[in-house]
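All remarks here apply to the structure that follows.
Bear in mind that the values in this text are calculations on the coordinates, not laboratory data. Remember, it's a predicted structure, so these values are computed and weren't measured experimentally. Positions of Cβ are backbone-derived with ideal geometry, glycine not excepted, and every protein chain shown enters the neighbour counts.
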Amino acid sequence: MVLLFGSANRDSATVRQPDTVDLSRSSPRRHLAFGHGIHYCVGAALARIEASAVLTTLLERTSEFAVDPDDAPRWAESFLVRRHEHLPLAVTCS
């Protein structure tokens with residue numbers, strides 16, 4: 001049996017429209033981004049702080065950003081992790 005982390009939090013039975021980015025969606029009660037139980041990520045708190053710092057800075061310093069239409073994003077080929085290998089952004093500074 002192989003655990004596919006990339007499918008975590010994408011079950012349409014528990015998350016409405018799991019493949020759609022919805023910033024107004026409430027956080028699921030059983031989110032699996034950092035694992036669960038004995039396998040919970042010891043770096044979860046640091047990762048949340050880092051993500052908050054990066055997103056806050058990005059939003060403060062830009063007026064607009066989007067995926068670069070001239071440079072397609074690429075997914076990493078992995079059975080274990082769902083992530084982008086390449087995600088170029090087109091940014092307009094404020």
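Yes/no matrix, rows are residues, columns are (1) surrounded by 10 or more Cβ atoms within 10 Å (Cβ to Cβ); (2) in contact (Cβ under 8 Å) with a residue 60 or more places away in the chain; (3) among the basic types (Lys, Arg); (4) closer than 22 Å to LEU89 by Cβ:
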site	(1), (2), (3), (4)
ASP11	yes, no, no, no
HIS36	yes, no, no, no
GLU50	yes, no, no, yes
LEU55	yes, no, no, yes
ARG61	yes, no, yes, yes
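Pairing each residue of region 74-94 that is without any contact (Cβ under 8 Å) to a residue 24 or more places away in the chain with any residue that is loosely packed, with under 10 Cβ neighbours inside 10 Å, provided the two are 6+ apart or on different chains, yields no C-beta distance under 6 Å. Quick one: would you say VAL81 is closer than 28 Å to SER7 by Cβ and either touching a Phe, Trp or Tyr at 6+ places or on another chain (Cβ under 6 Å) or aromatic (Phe, Trp, Tyr) (or both)? Criteria met by VAL81.
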